[in-house]
Amino acid sequence: MTPDEFRKHAHELFEWMAGYIENVEKLPVKSQVKPGEIFNQIPDKPPLQPESFDLLMKDFNEIIIPGITHWQNPNFFAYFPANTSPASVLAEMLTATLGAQCMIWETSPAAAELEEKMMIWLRDLIGLPNGFEGVIQDSASTATLTAILTAREKTTGFQGNTDGLNNSSCLKVYCSEQTHSSVEKGIKISGIGRKNLVKIPVLVDFSMDTEKLKDAISSDRKNGHTPCCVVATLGTTGTTAIDNLKAIGKICHENGVWLHVDAAMAGTALILPEFQWMLEGKEYIDSFVFNPHKWMFTNFDCTAYFVKDASSLIKTFEILPEYLKTRTRGIVNDYRDWGVPLGRRFRALKLWSVIRTYGVEGLRNTVRNHIAIAAELAAKISKEADFEILAPVIISVVCFRYIPKGFNEEQINSINETLNHQLNDSGKIYLSHTVLNGKYTLRMVTAQTNVTSEHVEKAWNIIKETARNLK
Ligand SMILES: Cc1ncc(COP(=O)(O)O)c(C=O)c1O
């Protein structure tokens with residue numbers, strides 16, 4: 001493709017992108033295709049001769065778009081959002097055009113130094129203590145794995161990296177029953193072993209029962225095991241429950257155990273002064289992760305990972321082959337030493353673009369509005385005798401179910417499952433579910449970048465009508 005051809009296609013693409021942003025709300029929010037439908041439309045063999053970009057765009061519109069679930073549609077209420085924003089998309093285009101691989105400072109000093117500064121901005125915005133240093137990772141799952149590996153190395157005196165885990169007494173990691181599955185995945189692949197992950201029961205608000213945590217750690221110690229790490233969650237995936245950091249932190253401190261905090265979604269709410277209570281006990285935190293790619297309008301992927309003591313992190317991950325030796329080593333941050341991958345995208349640019357174009361107040365207003373919309377929805381649900389709220393509404397997630405009269409618990413579960421499928425198959429709105437105390441629960445997340453009270457009001461009317469018309 002010549003520069004002139006590129007220019008022509010880029011202009012056409014901008015039109016396509018602006019049109020998509022304008023009209024995404026009119027598309028079915030959840031893709032309605034059947035398994036194999038896309039696969040079978042793609043030729044079995046690649047073209048031998050060059051094809052035009054116009055032909056590619058034709059197939060993109062006709063084959064790919066029907067198979068896309070539109071996460072940027074404001075009627076997307078499922079999972080946690082993967083929000084983007086025009087400022088983020090524009091910066092991502094610059095990142096793709098530069099195509100820089102930012103593994104070490106020398107391979108793009110601007111990427112390393114902007115990342116360092118953005119992590120300071122974010123750290124201060126969310127209220128983590130001054131000494132914390134941050135790095136951008138691809139996902140919260142990777143960041144949590146990174147935390148578990150660093151905790152493992154700290155606990156074993158960095159012997160795990162050299163000798164393997166054979167000689168260390170059995171390491172134990174703790175989290176609540178509501179913790180995200182990324183913790184279990186991290187434990188599996190860290191060599192600690194899934195059977196050494198202790199899942200602590202939760203209280204009625206679905207936060208970790210800290211008395212049970214204390215008991216579990218002391219019982220493990222008595223049995224000769226070595227408590228290594230506790231993962232606390234701010235904003236669990238099911239209900240956005242907030243674990244009690246202060247109580248958990250004290251236990252960690254008394255036992256010399258690493259405290260990792262997973263705030264993948266709720267971390268963004270910390271930019272609001274009125275949500276700083278979630279960080280009470282922050283002095284005990286060793287590592288902390290949150291995802292600007294969830295609720296901070298920065299398109300996937302962009303995870304902010306912070307550590308109190310960067311030297312332990314670096315000691316766990318650093319490796320120095322000849323081809324990576326530089327004259328600036330030790331003077332600058334070479335982020336390849338701060339996590340698993342060597343190669344790194346220039347992700348700080350989109351964060352810079354988002355924070356500058358929204359401004360802190362713009363970010364705060366949008367997030368605050370999402371939280372207010374969730375509270376409004378919860379108030380509406382509470383007024384209906386045939387619906388019930390199933391968990392405290394803390395940020396932007398409402399957990400509820402339909403409870404028509406005359407059915408037992410099993411039937412009510414099946415009615416709510418049918419309701420969920422029927423809503424999602426309509427293409428009008430998209431919700432996901434969880435199970436709380438054996439109850440099939442609908443989860444509605446009011447945190448899509450462009451969601452408004454009107455979208456939620458309309459969705460709530462669709463839910464009520466669909467539920468009451470179920471056969
Ligand atoms: C609380 C929590 N932690 C971790 C994750 C994993 O996030 P990622 O997709 O960035 O790995 C999620 C995903 O929704 C989550 O809800």
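Quick notes
- The criterion of at least 1 residues that are more than 12 Å from the ligand (Cβ to nearest atom) is met by the following helices (runs of 4 or more DSSP H) wholly inside region 243-319: 245-255, 310-317.
- When the residues of region 188-220 are filtered to those that are under 13 Å from Thr239 (Cβ atoms) and away from the ligand (no atom under 15 Å from the Cβ), the one that is surrounded by the fewest Cβ atoms within 10 Å (Cβ to Cβ) is Val204.
- Considering (1) within 16 Å of the ligand (Cβ to nearest atom); (2) more than 19 Å from the chain's Cα centre (by Cα); (3) among the aliphatic types (A, V, I, L, M), the lone condition that Leu324 does not fulfil carries the number (1).
- Being under 23 Å from the mean Cα position of the chain (by Cα) and either free of Cβ contacts under 8 Å to residues at least 12 places away in the same chain or within 24 Å of Asn437 (Cα to Cα) (or both) is a condition met by at least one residue of region 246-262.
- Within region 221-238, the set of residues being surrounded by 13 or more Cβ atoms within 10 Å (Cβ to Cβ) and either over 20 Å from Ser287 (Cα atoms) or without any contact (Cβ under 8 Å) to a residue 12 or more places away in the chain (or both) comprises Arg221, His225, Gly238.
- One residue stands out in region 151-187 among those that are hydrophobic (A, V, I, L, M, F, W, C) and under 23 Å from Asp215 (Cα atoms): the one that is farthest from the ligand (Cβ to nearest atom), namely Cys170.
- Complete set of residues in region 75-87 that are within 16 Å of the ligand (Cβ to nearest atom) and open to solvent by less than 50 Å² (accessible area, probe 1.4 Å): Phe76, Phe77, Ala78, Phe80, Pro81, Ala82, Asn83, Thr84
- Taking the criterion of being within 17 Å of Trp121 (Cα to Cα) and among the β-branched types (Val, Ile, Thr), the residues of region 351-377 that qualify are Val354, Ile355, Thr357, Val360.
- Flag for Arg364 being of a type in the set (Lys, Arg), within 15 Å of the ligand (Cβ to nearest atom), modelled with pLDDT of 95 or more and farther than 23 Å from Ser181 by Cα: no
- Condition met for Leu90 (open to solvent by 50 Å² or more (accessible area, probe 1.4 Å), away from the ligand (no atom under 16 Å from the Cβ) and under 25 Å from the mean Cα position of the chain (by Cα)): yes
- Of all residues in region 278-327, those satisfying the criterion of being among the acidic types (Asp, Glu) and under 23 Å from Ser207 (Cα atoms) are Glu280, Glu283, Asp286.
- Candidates Glu465, Glu388, Glu410, Glu457, filtered to the one that is open to solvent by 20 Å² or more (accessible area, probe 1.4 Å), closer than 27 Å to Ala82 by Cα and not small (Gly, Ala, Ser): Glu457
- Breaking point among (1) open to solvent by less than 80 Å² (accessible area, probe 1.4 Å); (2) touching a Leu at 6+ places or on another chain (Cβ under 6 Å), for His433: (1)
The values are calculated or read from the model by the stated rules, or taken from the named source; none is laboratory data. None of the values given here were measured: they were computed from a predicted structure. Methodologically, a virtual Cβ is constructed for each residue, glycine included, from the backbone with ideal geometry; neighbour enumeration extends over all protein chains shown. Side chains are part of the model used for accessible areas, which takes the heavy atoms of the whole protein and leaves out ligands, DNA and RNA. Shrake-Rupley method; radii C 1.70, N 1.55, O 1.52, S 1.80 Å.
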